[in-house]
Amino acid sequence: MRAAVSREDSSDEFVNQQNFDRAVAELIRLVPIPPESAEWFLDKEAIRAPRWTWRKIVLNPAVLAISIALVVIAGVFAFHLLDRLNDFPGSATARKLLTVAGSTRPVMLDPVSAEAGTLSDLFFMKHGLEHYDVPDEFADFQTIGCRVFDDDESQRIAQIWVAEKRMQFFLFPAERDGKTGAVLAFPGWRYVHQEGWVGAVAEHNGVCFMAVLQGREKDLGPYLSGPKQ
Amino acid sequence: MSDQKQNLPQLYRFCFLMLGDSRKAQEVFNTTLREAAVRAAQGELPREPFWLFREARWRCLEASKTDLQPESLEIEEHDIAPQAALQIKQLEPAQLAIWISAAPDPQRTALALFYLDEFNYLEILDIAELKLSALSRCLLQGRRQLQAWLDAKHSGAPEV
C-alpha cells in the first residue's frame, strides 16, 4: 500500500494534478473582496454566538421553569419528610380526630358537668372502655359534655369537651403491631397539627389520650408535663 | 464557532465561485451575514460548524435557480497537462469563477469548496452533503473538464 502511494506520489500525472490544484487555489485567493462586503470583517462579533453568563443562564426561561419546579418538588418532599419524622404510632388516627374536633358542636355531646378525671369510671361502667383515663395534667378540668362513638375503623373513641379554652380531649385505642398485637408504645407527648388545630398525644396502658385546641403548640405547651416532641 | 471556520473573506469567495457574478455574490454574502446577525442577537445561532457556508450554499443555489441553466451536453475532458499551472496563471479570477459557477451542482459546490483551500475532505463532505466517492468523481471530472476548457481557450488564442 505504502509502495503504491509512494509510486503514485512521484508519478508525473500526480505532480501535474498537484500543480494544477495549487494554481487554481492561488488564483481563487486573488478574488478581490468588494469594500461593501469587507465591512462585515470588522464586525465579526455581530455573528458570534453571545457568551453565556451566569445571569443569562439563570434568566433563561427553561432554566427558570426547571429551577422553580425543582424547588417546589424539594419543598413538597421536605414537607412530607418532616411530617414523617414527626409521625408516631396512632398519628394518623390523631389527625383524623383533629378534623372531628373542628367539626364538633356542643349539642352533639351529652352534657356532663364534672372533673375530667372522673369520666374514666363513666366510660368503663357505661361503655366498657378500660383504661380510658384522663392524664393528671388534665384531670381537674371542668367538663361541658362528652360522648363515645365509633370511627371509620370501628375503634371506640371517647370525646370530652372542657370549659378551659374550649379544649377537647380524645381517648382512643393505641396502635398495635399487626403480627403480635402488642401495643406500639411511645414515650412522652407528641404533637399533631391539622388545619389550625393542634393536638398533644400521650399513650398509657394501650390507650392514647389527646388534648386538642384551636391554636399552636405554645398554647398547649403550658398544660403538659414530661418530655414533649 | 472558531475564527478559522468563520473566515468571512473565504465565505465571500465561495459565494463568488458559486455564482460567478460579484453583484450576486455580494447580495448572497450580505443576506447570509445579516440573517446570521439577527439570529446571533436572538441567541439562536446554530451550534454546528460551517453553518455559514451551508447557508450561503443554499442561498447561492436558490439565487442561480432562475438563471440560464447549462445545456446538458457531453463536455470534453482532457488529461491534466504539464503546462496546466501556467495556463491557469493566465486566467482572471472572474473567468475561473464563471467557469465553476456554470457547472451543475453538486460539482459546482465540490469545486468551489475544494479550491477555496479552506476545508479538509471530511469538512467538504459535510458541507456539500456528498459521499466520498461522489466528491472524488466531481473533482476528477472537474479537473479534466477545466483542462479541456483551458486547452480550447489557449489553442484559440493568438500566440504571443
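If you go through the stretch B:37-81 and pick out every residue that is at pLDDT 90 or above and either more than 16 Å from the chain's Cα centre (by Cα) or hydroxyl-bearing (S, T, Y) (or both), you end up with 0. Taking the condition within 26 Å of B:E55 (Cα to Cα) and within 9 Å of chain A (Cβ to nearest Cβ), does B:A94 pass? So B:A94 passes the test. Sub-9 Å Cβ pairs linking a first residue in the stretch A:113-138 that is assigned by TED's automatic domain parsing to the domain that holds A:I160 and of a type in the set (D, E) to a second residue that is assigned to a helix (DSSP H, G or I) and at pLDDT below 90, at least 6 apart or interchain, are A:E137/A:Y223, ordered by first then second residue.
Within the stretch A:23-40, take every residue that is closer than 17 Å to B:E118 by Cα and at the interface with chain B (Cβ under 7 Å from one of its Cβ atoms) and give me the one that is surrounded by the fewest Cβ atoms within 10 Å (Cβ to Cβ). The extreme case among them is A:L30. Which one is surrounded by the most Cβ atoms within 10 Å (Cβ to Cβ), of the residues in the stretch A:172-197 that are touching a Lys or Arg at 6+ places or on another chain (Cβ under 6 Å) and either among the hydroxyl-bearing types (S, T, Y) or over 16 Å from A:V134 (Cα atoms) (or both)? Selected residue: A:V192. Among the residues of the stretch B:40-54, those that are surrounded by 14 or more Cβ atoms within 10 Å (Cβ to Cβ) and facing another protein chain (nearest Cβ under 8 Å) comprise B:A40, B:L45, B:L52.
Where residues in the stretch B:109-160 are of a type in the set (K, R) and under 26 Å from B:N7 (Cβ atoms), which of them is surrounded by the fewest Cβ atoms within 10 Å (Cβ to Cβ)? Restricting to residues being of a type in the set (K, R) and under 26 Å from B:N7 (Cβ atoms), the top hit is B:K131. Do we have B:A102 as surrounded by fewer than 20 Cβ atoms within 10 Å (Cβ to Cβ), among the hydrophobic types (A, V, I, L, M, F, W, C) and modelled with pLDDT of 85 or more here? Taking the combined requirement at face value, the residue satisfies it. Filtering the stretch B:43-62 to residues that are out of contact with any Cys (no Cβ under 9 Å at 6 or more places or on another chain) and among the hydrophobic types (A, V, I, L, M, F, W, C) leaves B:L45, B:F50, B:W51, B:L52, B:F53, B:W58, B:L61.
May I ask you to verify whether A:A163 is among the small types (G, A, S) and either in contact with a helix residue (DSSP H, G or I) (Cβ under 8 Å, 6 or more places away or on another chain) or in contact (Cβ under 8 Å) with a residue 24 or more places away in the chain (or both)? Here the answer is no, as A:A163 does not meet what is asked.
Count of the stretch B:101-143 residues, restricted to those that are more than 9 Å from chain A (Cβ to nearest Cβ), assigned to a helix (DSSP H, G or I) and touching a residue at least 60 places away in the same chain (Cβ under 8 Å), is 9.
When A:A94 is tested against (1) within 14 Å of another protein chain (Cβ to nearest Cβ); (2) of a type in the set (A, V, I, L, M, F, W, C); (3) out of contact with any Asp or Glu (no Cβ under 9 Å at 6 or more places or on another chain), only condition (1) is not met. For the residues B:E62, B:E76, the requirement of being surrounded by fewer than 21 Cβ atoms within 10 Å (Cβ to Cβ), away from every other protein chain (no Cβ under 14 Å) and out of contact with any helix residue (DSSP H, G or I) (no Cβ under 7 Å at 6 or more places or on another chain) singles out B:E62.
The values are calculated or read from the model by the stated rules, or taken from the named source; none is laboratory data. It should be emphasised that the depicted structure is a prediction, and the values quoted were computed from it without experimental measurement. No Cβ is skipped: glycine too gets one built from the backbone with ideal geometry, and neighbour counts run over all protein chains shown.
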